[in-house]
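Here the structure comes first, spelled out in structure tokens, and everything after it is commentary.
No value in this document is a laboratory result; all are computed from the given coordinates. Everything quoted here is computed from the prediction, not taken from an experiment. Cβ coordinates were reconstructed from backbone atoms using ideal geometry, including for glycine residues, and neighbour counts include every protein chain displayed.
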Amino acid sequence: MPPRNCALCNTARAILKRPKTGQQICKECFFYVFETEVHNTITEARLFNPGDKVAIGASGGKDSTVLAYVMKALNDRYQYGLELFLLSIDEGITGYRDDSLETVKRNQQQYDIPLKILSYDELYGWTMDAIVSQVGKKNNCTFCGVFRRQALDRGAAMLNVDHIVTGHNADDIAETVLMNIMRGDIARLGRCTSICTQGEDTIKRSKPFKYAYEKEIVMYAYFKKLDYFSTECIYSPDAYRGHARVFLKDLEAARPSAIIDIIHSGEAFEITDEVKATQKVQQTCKRCGYMSSNELCKACTLLEGLERGMATSAITDRARKRLDAEGPGPDNLRTIPYFQRGNTAPSSQVANG
Amino acid sequence: MTWKFRRSLEPHINAKPDGPRRTALKPTGNLTIGFSGGLGSTVLLDLVNRYYVSPDKSLVTAEGGRDHPRNERVWKKVTVCYVEVCDAFPEMKDRTDEIREIVQKCEGVDFLPIHIQDAFDRAWWEKMGGKPVLSQVKIDMANENIPFSMLSDESLSSSLSALRTYIASLPTPTALSNALRSLTRVLLQYAAHFTDSSHLLLGASLTSLAVSLISSISQGGGFHVREEAQEEWFADVVQEHAEDSRHKKGKWRGGGVRVIRPLRDVGMKECAAWAWWMQLRVVGREKWRWPGAKVGIGKLTKDFIAGLEKDYPSTVSTIVRTCGKLAPKGGTVGKCLICERPVPEGVQEWKARISIRSHETPSDAPVPLTSPDLTSLAPFICYVCHTTLTSKGTRAAPPLFPPEVGTPGMVSLPSWSNARMSVSTDGGESNTGRRIREPEMREIVKEYLLDD
């Protein structure tokens with residue numbers, strides 16, 4: 001078959017077929033459409049104001065590596081006027097996170113963006129290695145997910161930033177829409193397609209890659225020769241999410257637009273007013289000051305379970321009742337430092353590139 | 001099982017759903033049952049027969065008042081409608097006679113067979129009371145804007161050829177099965193309307209409803225999440241004189257057709273148990289397979305949910321319950337020309353914004369909200385139908401029929417779409433509320449018109 005011309009510029013030779021549109025395009029046009037779509041996402045949602053301090057959640061994986069590169073490029077090109085930071089969370093997983101953090105440190109040098117690393121160990125007193133040794137591999141993703149979310153907010157508060165951007169891509173969002181429907185998590189379903197979420201007293205959190213296909217992010221990294229770290233977490237992945245991911249990949253193989261179609265679906269419905277009225281009101285955790293829908297936030301509940309040797313107490317009802325039956329915890333229980341915007345404790349390092 | 005069936009059906013029989021109903025089940029019209037020969041519709045037909053047509057004394061207890069089903073039929077006329085799809089597949093058996101045999105076992109029930117190509121049959125459409133089709137709309141699915149032309153009467157092709165060209169032009173197996181499902185549903189709705197039915201019952205069980213919800217969401221149908229479970233549909237491209245005459249005879253209801261799935265709380269296994277206990281003959285539905293075609297989203301979803309249900313048995317009820325808590329977000333801009341469900345506003349703008357398909361839009365300016373392009377069908381169809389017609393697979397689907405049977409190119413639309421477009425050109429209201437006269441329309445689309 002003779003080489004085809006790019007469907008966009010009609011001059012250069014097409015070298016790739018966009019998964020998102022099926023168009024055959026050249027490399028330069030691919031860079032243009034990829035970056036411009038992210039720019040459109042940012043401007044359409046009015047994510048930033050000039051002078052904003054923005055932390056890029058960086059794990060060293062493909063999404064956050066490309067996000068850091070694109071954010072810096074767009075900030076320079078369109079003069080957003082943002083002050084960018086890299087923010088990494090060290091979960092304490094030997095052989096996984098320590099390797100990927102090396103990638104983030106290289107990114108910091110390459111992009112000349114200050115980097116802050118905050119570890120579970122310094123924030124919660126527990127590494128994921130220690131947590132897995134107590135809870136096993138079955139439910140450890142619950143701990144990691146809850147702790148990471150709060151750690152990112154706390155890291156951002158230490159940097160005194162207004163906004164965190166994360167590398168969640170279109171595949172992640174589509175998968176979350178399906179998962180929340182199948183698990184009946186109506187509260188999360190209502191907000192999972194929002195490009196920007198902001199809890200009371202917390203920092204804004206956005207997903208500029210909301211409409212970017214995972215495959216296109218990999219293509220972008222490949223053609224730009226970006227350096228990223230890729231491996232599965234050594235602790236077993238969430239089985240249910242694994243099912244949803246495989247299903248989504250099958251849907252994408254059947255019809256590539258399925259990913260964006262699911263996101264469109266998620267944006268086209270909302271929770272009925274009657275159901276909204278029954279949802280819990282957001283409050284502040286009485287122990288650590290972080291946003292919570294109960295008296296104690298999920299992170300404090302999980303931490304208390306770990307400290308008292310009943311790690312599953314925040315996961316199963318039976319374990320929760322057993323913990324409650326034992327009465328209040330001891331006074332010397334380790335807790336998470338009180339959450340405040342602009343907080344600088346615990347001790348941390350901010351490296352400047 | 002019977003309690004779940006009645007709980008899902010009876011609150012929706014009376015025009016006002018909240019009124020007293022135990023003693024007064026008074027529908028405003030007749031009843032149509034969509035029958036496929038599958039497990040769900042077989043069980044549904046049996047339950048309707050036992051409760052509302054020939055009451056089974058072991059099931060219908062002595063409770064209730066004067067208007068209880070045992071005293072008076074709830075629906076005066078019950079029609080079972082079967083849509084035969086065999087002509088959409090290269091080698092599939094026509095099962096109409098087999099289905100007729102099953103339906104005729106229920107006394108007091110009429111049988112109305114329809115062929116899927118009747119969707120493109122002008123004579124069938126007008127016989128059923130549809131507004132005359134003055135010209136035929138032909139579309140080009142290869143272009144994402146779906147340009148259309150209006151062809152004159154003489155150029156009308158046979159309904160079978162039109163059907164086969166339509167499905168041969170669809171880009172993926174997912175689109176094929178979705179298009180057939182959509183045509184079947186709309187045919188049933190019009191059949192219900194033309195039999196003066198106020199209710200159309202479909203045999204979707206809890207399991208199949210969960211599958212169709214996830215499948216619909218995976219095809220961009222989030223806006224129609226309510227319609228997947230239940231909908232109130234109005235026929236608006238039918239002949240006024242037909243309505244008037246029925247009105248004079250005191251038959252016309254003046255309302256829409258309520259599409260209900262009374263087995264929505266009954267799992268597939270419960271349906272199977274009922275069919276076994278009641279010794280029902282389930283002829284089954286032919287598998288929708290095209291030789292060489294990859295598996296579509298519908299089948300993938302069905303397999304996925306079936307697999308998930310083994311490890312997480314509450315999955316199907318959770319899906320249906322969760323979707324029951326959702327409502328469409330944003331406004332509508334009319335009814336889809338193809339599937340007759342609401343068109344959410346801003347679909348084309350959304351698609352243009354999230355994926356750049358040309359260099360024409362300035363990169364640093366917000367995407368303009370353009371007025372509907374009158375040469376394009378895209379603004380008049382919903383997200384799902386637009387995706388069905390235009391979203392391509394990774395590889396081209398193999399041809400379904402020999403080239404002489406249906407050659408993809410300019411493709412006909414179903415009769416209701418033609419009638420709706422004719423309404424627009426004939427002085428009626430279009431989806432956007434703007435009246436477009438035929439000369440103006442012709443001027444707009446002249447570059448797509450074939451020589452007379």
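Table for the structure above
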item	result
Considering only chain A, percent of DSSP beta bridges that pair antiparallel, nearest 5	40 percent
Built amide H within the under 5 Å cut-off of A:S119, gap 5+	A:D90
Reachable lysines, given that their alpha-carbon falls under 16 Å from the alpha-carbon of A:K204 and they are not under 8 places away in the same chain	A:K53
For A:F209, A:F269, order by how many other beta-carbon atoms lie within 10 Å, fewest first	A:F269, A:F209
For region B:98-233: rounded, prolate or oblate by the Cα gyration tensor [a/c cutoff 1.5]	oblate
Euclidean distance of C-alpha centroids, region A:92-142 and region B:254-328, integer Å	44 Å
Net charge, B:D110 excluded, C-beta distance under 14 Å - Lys, Arg +1, Asp, Glu -1	+3
Peptide A:22-33 - average C-beta neighbours from other chains (10 Å radius)	2
Number of partner chain Cβ atoms within 10 Å, mean per residue of B:379-385	1
Neighbouring partner chain Cβ atoms per residue of A:37-45, average, 10 Å criterion	3
Rounded to whole Å, sorted largest first: equivalent-ellipsoid semi-axes of chain A, Cα gyration tensor	36, 24, 20
Residues B:R321, B:R258, sorted so that the one with the fewest Cβ neighbours within 10 Å comes first	B:R321, B:R258
Peptides A:172-179, B:291-298, B:204-211 ordered by average Cβ neighbours within 10 Å, highest first	B:204-211, A:172-179, B:291-298
Cβ-based net charge around B:K302, under 13 Å, with every Lys or Arg adding one and every Asp or Glu removing one	+1
Inter-label distance for A:D52 and A:R4, nm, one decimal - labels placed 7 Å from Cα along Cα-to-Cβ	3.7 nm
Fewest-first sequence of B:D56, A:D324 by Cβ atoms within 10 Å of each Cβ	A:D324, B:D56
Length added when fully stretched, A:K321-A:K17, from 0.36 nm per residue minus Cα-Cα	104.0 nm
Percent RCO, i.e. relative contact order, over region A:1-45, from Cα pairs under 8 Å lying at least 6 residues apart	27 percent
